[in-house]
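Student: Quick one: the structure is below, questions incoming.
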Amino acid sequence: MTISQTRNVGLPLMKLVRWKGVPILQQLHLEEQLLRTSSENWCIINDGANDPTIVMGISGFIFTSYEVGLVPRNYIVGLDGLIHTNRKPAQLLKLDSVLNDRIPVIRRYTGGGTVVVDCGTVFVTFICNKDAVPGLQPYPQPIMSWSSLLYALVFRGFGDFSLRENDYAFGNHKFGGNAQSITKNRWIHHTSFLWDYEARNMAYLKLPARAPEYRVARDHLEFICRMKDYMPRSVFVDRTIKAVETHFSVRPVELEAMETNLNSKFPHSTKLLTEQELEAAAFESHFEKALSHSL
Amino acid sequence: MISRGIWQQKCRNAIRRWLRSCAAQTSPLSPSPVVSLGNSSYIGFCSQPIVSRYAMASFSMVNDKLMDLNIPYSIKRSCFSSHALLDLPASGIVSIPLAQTGEGIAECELLKWFVKEGDQVEEFQPLCEVQSDKATIEITSRYKGTVSQIIYVPGDIVKVGESLLKMVVEESQGSNLTSNAPDDMKSMGAEVCDSSIQSSDLRHSNTGGVLATPAVRNLAKQYGVDINHILGTGQDGRVLKEDVLTHAVQKGLCKEPSSLSVNSVEHFQGEEKYSHTLAADGWQYEDKTVPIRGFQRAMIKSMTLAAKIPHFHYVEEINCDALVKLKASFQEENRDPEVKHTFLPFMIKTLSMALSKYPLLNSCFNEELQEITVKGSHNIGIAMATPHGLVVPNIKRVQLLSILEITKELARLQQLALANNLCPEDISGGTITLSNIGAIGGKFGSPLLNSPEVSIIAIGRLQKVPQFVDDENVYPASIMTVNIGADHRVLDGATVARFCNEWKLYIEKPEQLMLHMK
């Protein structure tokens, strides 16, 4: 056995999936399925999505109450008598441009913010059992901290890397956004890294009302940066895998082999929003006015 | 729950080692703040170490049965657990609040429920999913029981500490937190710090000897009783809330409440109500902060807008004798079982006729541009009180509809409203609103405008009152009072008065409608 192999003995197993240019919707579907149906640890690295896509976190969307498997509706009459449309897209996206340019909008199954992804985005996802990392508690902060320790290894020597609130940043500039989902026995932490981006894609996003402090009062393009200015792409992926190997015994798997194991009837929460939903969201401000009333 | 697996093995071993070294001591341990867990990697990850209320209360080990130890862990008060914090119940109904899920996180959005009222729930079964900042988190049940009441709906923002739901748990579980020796780590690892419990409570719990939760200790403090002097009736001599109350009553510190299990059975059906028993007994008056959700939020917003508009109100009485006769004759001739005739469609139609003559009442005022848009369509909104709340769908282009068509459309909208199925089309684009408050009661209301509309009409209840006729005889008449609220920037009293006269004419003399029939 080589030295690195001996080191691996005793570490939990983690299966590694390496993709290139897989559409983000497919990736999110697979992730959710693995989170909820697999009992193994996974690391998914997707080097670039394909076409520009907007991916929104799950909160702020209206669903029916207790049904397992979300059934989103465009509008419901809430307990307050108001029609609730999915107003989140209107708040966070410049819907007119999005509709005009026919940019797909996906609601993903994890929380967190909105990003626009394209071929310049690199995705890294960890799906772990709750005791996969010894001593790590399955709560948002510890998981975030743990991930930042791992990436600190990756970026050592390449830039002033730090975890700023929930973002990965070089100095003051964000280059990676995070989101998580924590279930009873497992957790998932995924990151979209801005290898490169186009300013016009960023223009589809409005700034969220609640922003981390280090980003306050700065325009989008002012607080993000491109990873490619710091390190080569392949180097990033390789170093990430090496960093993962310090915690896990990594075994690469091919996508095809995995797909056959997956249950195709899995009810996904990740969903592509339809054009009608987006258009309805664009009208939502009228509803609020029409319904405010008092006897 | 979730933390159990992580803590269980390592903690138990570490504790055992540590305790054995203290085995010689018989008195409760001094409150040393930090327990070394023998594995430095813990400290690195556990940036918010756990403080356990229940571990402080009681803790029996496999080896050392019934050894009561107060073992305070670590320093920081904040900790997290996706377990529900438990109020020790006396009668089996517990409120499950949202436990703290991370330092500094004060509230979460409820995403979805996995259970509904009436469902049987197992221990550690997922109850719901919440979202805080970047993470969605499953909240699992601390206990086995039945869901009795769901308090929040998806989309609601829940503050940490607020009750998510109520559950009926089995009695034996409720007062027995350290049921099985091997399961002790549950209580230690999974416990929650209520954000209201500051570090001062640690001091209280460290007095040693008496087992009680901080909530009970607080209560004792409120009454000024020394908790150590209270005889505990709970498991392992634990002091329960009832014990404190009984003691306080005995000491004459408070009047005896009629029901000791007051706290756990709350008649809490909404933000507005207080516990009846508390008020009646008078031994606990507390201010209650009501979170602003849904209905209130919307009302606050819309009424703030309405407050900016200079309203005036015009009141008039309308004799509805002819209308009553008309409705009766419609109903008599009605062959369609689906259709039920009421007063409202006729009033809507006549309103539209009057609007044709006074179109200014059917307009919208744009404050920024300082212009009035006289709307072409009479989209008359009808306020409806449904079980889900207040909705105002509108009937489009009433001027083009017959009374029968209006009746059918109204029924359609009412059905949809009751079923919570109105679509955006139905509730947008209204140009004037009719509020039939009389359906519920009252002589008349003074309605506030539905911006950007410029007039709103509230209709009171039809009442039989005596009226004089010309020959000075008295006869009974069905009188309805209406109150028209109007935007004084657009309309003046004279216009509204004339409009109302016109409308009144049509209602009192329906045959006039035929004159204008096309």
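Student: Just checking, which of B:Ser179, B:Ser199, B:Ser187 is of a type in the set (Gly, Ala, Ser), closer than 28 Å to B:Leu127 by Cβ, surrounded by fewer than 17 Cβ atoms within 10 Å (Cβ to Cβ) and at pLDDT below 80?
Tutor: Values: B:Ser199 fails: closer than 28 Å to B:Leu127 by Cβ; B:Ser187 fails: surrounded by fewer than 17 Cβ atoms within 10 Å (Cβ to Cβ).
None of the other options fit; the residue is B:Ser179.
Student: Another question, then. Going residue by residue through region B:328-338, is there one that turns out to be more than 36 Å from the chain's Cα centre (by Cα), closer than 28 Å to B:Met480 by Cβ, charged (D, E, K, R) and at pLDDT 90 or above?
Tutor: Among the residues of region B:328-338, not one is more than 36 Å from the chain's Cα centre (by Cα), closer than 28 Å to B:Met480 by Cβ, charged (D, E, K, R) and at pLDDT 90 or above, which makes the answer no.
Student: Filter region B:426-465 down to the residues that are in contact (Cβ under 8 Å) with a residue 60 or more places away in the chain and small (Gly, Ala, Ser), then identify the one that is surrounded by the most Cβ atoms within 10 Å (Cβ to Cβ).
Tutor: Per the criteria, the residue is B:Ser455.
Student: Can you find, within region B:309-326, the residue that is surrounded by the most Cβ atoms within 10 Å (Cβ to Cβ) among those that are assigned to a strand (DSSP E or B) and in contact with a helix residue (DSSP H, G or I) (Cβ under 8 Å, 6 or more places away or on another chain)?
Tutor: B:Ile318
Student: Hey, among the residues in region B:107-155 that are in a loop (DSSP other than H, G, I, E, B) and of a type in the set (S, T, N, Q), which one's farthest from the other protein chains (Cβ to nearest Cβ)?
Tutor: Per the criteria, the residue is B:Ser141.
Student: Which of the strands (runs of 3 or more DSSP E) found entirely inside region A:123-225 contain at least 1 residues meeting this: among the aliphatic types (A, V, I, L, M) and either at positive phi or within 14 Å of chain B (Cβ to nearest Cβ) (or both)? Working first, answer last.
Tutor: Values: elements: A:161-164, A:167-170, A:173-182, A:186-194.
Output list reads A:161-164, A:173-182, A:186-194.
Student: Something else: For region B:416-470, please list each of the strands (runs of 3 or more DSSP E) lying entirely inside it that holds at least 3 residues being more than 9 Å from every other protein chain (Cβ to nearest Cβ) and not β-branched (Val, Ile, Thr).
Tutor: Details: elements: B:432-435, B:455-459, B:463-468.
Per the criteria, B:463-468.
Student: In addition: Of all residues in region A:97-122, which are in a helix (DSSP H, G or I) and either of a type outside the set (A, V, I, L, M, F, W, C) or more than 28 Å from A:Pro52 (Cα to Cα) (or both)? Walk me through how you get there before you give the answer.
Tutor: Taking region A:97-122 first, the residues in a helix (DSSP H, G or I) are A:97-100.
Across region A:97-122, the qualifying residues are A:Ser97, A:Asn100.
Student: Take B:Asp243 and tell me if it is at pLDDT below 75 and assigned to a helix (DSSP H, G or I).
Tutor: Details: at pLDDT below 75: no; assigned to a helix (DSSP H, G or I): yes.
So B:Asp243 fails the test.
Student: Checking the conditions here, which among B:Glu368, B:Glu409 is within 18 Å of B:Asn436 (Cβ to Cβ), more than 13 Å from chain A (Cβ to nearest Cβ) and without any contact (Cβ under 8 Å) to a residue 24 or more places away in the chain? Steps first, please.
Tutor: Working: B:Glu368 fails: within 18 Å of B:Asn436 (Cβ to Cβ).
That would be B:Glu409, the only listed residue that is within 18 Å of B:Asn436 (Cβ to Cβ), more than 13 Å from chain A (Cβ to nearest Cβ) and without any contact (Cβ under 8 Å) to a residue 24 or more places away in the chain.
Student: Whether any residue in region B:107-119 is under 21 Å from B:Gly92 (Cβ atoms), touching a Lys or Arg at 6+ places or on another chain (Cβ under 8 Å) and at pLDDT 85 or above is what I want to check.
Tutor: Residues of region B:107-119 under 21 Å from B:Gly92 (Cβ atoms): B:115-119.
The next check asks that each one be touching a Lys or Arg at 6+ places or on another chain (Cβ under 8 Å); those that pass are none.
Taking every residue of region B:107-119 in turn, none turns out to be under 21 Å from B:Gly92 (Cβ atoms), touching a Lys or Arg at 6+ places or on another chain (Cβ under 8 Å) and at pLDDT 85 or above.
Student: Checking the conditions here, which among B:Asn473, B:Asn483 is within 14 Å of B:Leu434 (Cβ to Cβ) and either modelled with pLDDT under 90 or within 14 Å of another protein chain (Cβ to nearest Cβ) (or both)? Spell out the reasoning first.
Tutor: Numbers: B:Asn473 fails: within 14 Å of B:Leu434 (Cβ to Cβ).
Every option except B:Asn483 fails the conditions.
Matching residues to (1) more than 14 Å from chain B (Cβ to nearest Cβ); (2) modelled with pLDDT under 85:
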{"site": "A:Leu79", "(1), (2)": "no, yes"}
{"site": "A:His84", "(1), (2)": "no, yes"}
{"site": "A:Lys88", "(1), (2)": "no, yes"}
{"site": "A:Leu93", "(1), (2)": "yes, yes"}
{"site": "A:Ser97", "(1), (2)": "yes, yes"}
{"site": "A:Arg102", "(1), (2)": "yes, no"}
{"site": "A:Val105", "(1), (2)": "yes, no"}
{"site": "A:Thr114", "(1), (2)": "no, yes"}
{"site": "A:Val117", "(1), (2)": "yes, no"}
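Student: Okay, moving on. Filter region B:490-518 down to residues that are surrounded by 10 or more Cβ atoms within 10 Å (Cβ to Cβ) and outside any loop (DSSP other than H, G, I, E, B), then give me how many there are. Explain how you work it out, then say what you get.
Tutor: The first filter runs over region B:490-518 and keeps only residues surrounded by 10 or more Cβ atoms within 10 Å (Cβ to Cβ), leaving B:490-493, B:495-510, B:512-513, B:516.
Now restrict to residues that are outside any loop (DSSP other than H, G, I, E, B): B:493, B:495-508, B:512-513.
Summing the residues that are surrounded by 10 or more Cβ atoms within 10 Å (Cβ to Cβ) and outside any loop (DSSP other than H, G, I, E, B) in region B:490-518 gives 17.
Student: Scan region B:479-489 and tell me whether some residue there is over 16 Å from B:Val324 (Cβ atoms) and in a loop (DSSP other than H, G, I, E, B).
Tutor: Checked region B:479-489: at least one residue is over 16 Å from B:Val324 (Cβ atoms) and in a loop (DSSP other than H, G, I, E, B).
Student: Out of all the residues in region B:122-162, which are under 30 Å from A:Asp167 (Cβ atoms) and touching a residue at least 60 places away in the same chain (Cβ under 8 Å)? Even if it seems obvious, please write down each step before you answer.
Tutor: Just the residues of region B:122-162 that are under 30 Å from A:Asp167 (Cβ atoms), to begin with: B:126, B:128-140, B:152, B:154-162.
B:Thr140, B:Asp156, B:Ile157, B:Val158, B:Lys159, B:Val160, B:Gly161, B:Glu162 - these are the residues of region B:122-162 that are under 30 Å from A:Asp167 (Cβ atoms) and touching a residue at least 60 places away in the same chain (Cβ under 8 Å).
The values are calculated or read from the model by the stated rules, or taken from the named source; none is laboratory data. Note that the structure is predicted; figures quoted are calculated from it, not measured. Heads up, the Cβs are rebuilt from the backbone with ideal geometry, glycines too, and the neighbour counts pull from every protein chain shown.
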